[in-house]
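First comes the structure, then the notes that go with it.
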Amino acid sequence: MNYDQLKQIVLLTQDAKDLGWEFFMDEGQLKARDNTYAQDTTAFHNQDHFYEWLEEQFDKKD
């Protein structure tokens, strides 16, 4: 992973947190919980799933 990819992940993660998502580990799996309770908890199965989800959160923010 290069620096630009890392920056993008950090910024997208911040967008998700701004929308009310909290990240946590549960049984060795990264998950995101919606603090507004509008959506169910999301469990990430792989890197592609995580990136896709982050991009969806970015789209919601705009």
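The values are calculated or read from the model by the stated rules, or taken from the named source; none is laboratory data. The structure displayed is predicted, hence computed values, not measured ones. With ideal geometry, Cβ positions are generated from the backbone for all residues, glycine too; neighbour counts draw on all protein chains shown. Note: accessible area is taken over every heavy atom of the protein model, side chains too, but ligands, DNA and RNA are not part of it. Shrake-Rupley method; radii C 1.70, N 1.55, O 1.52, S 1.80 Å.
In this structure the chain gives 74 Å² per residue of accessible area when probed at 1.4 Å with all protein chains present.
Just want the answer: with Cβ charges of +1 for Lys and Arg and -1 for Asp and Glu, which residue in F23, A43, N2 is farthest toward the dipole's positive end in segment 1-45? The Cα lying farthest towards the positive end belongs to N2.
Take every Cα pair under 8 Å whose residues are at least 6 apart in sequence, average their separation, divide by the length of the chain, and the relative contact order is 32 percent. When restricted to Cα atoms, the chain yields an Rg and a Dmax of 11.5, 34 Å, respectively. The accessible surface of the chain, taken with every protein chain in place and a 1.4 Å probe, is 48 percent carbon and sulfur. For the chain, the Cβ-based charge dipole about the Cα centre amounts to some 200 debye (Lys, Arg positive; Asp, Glu negative; other atoms uncharged).
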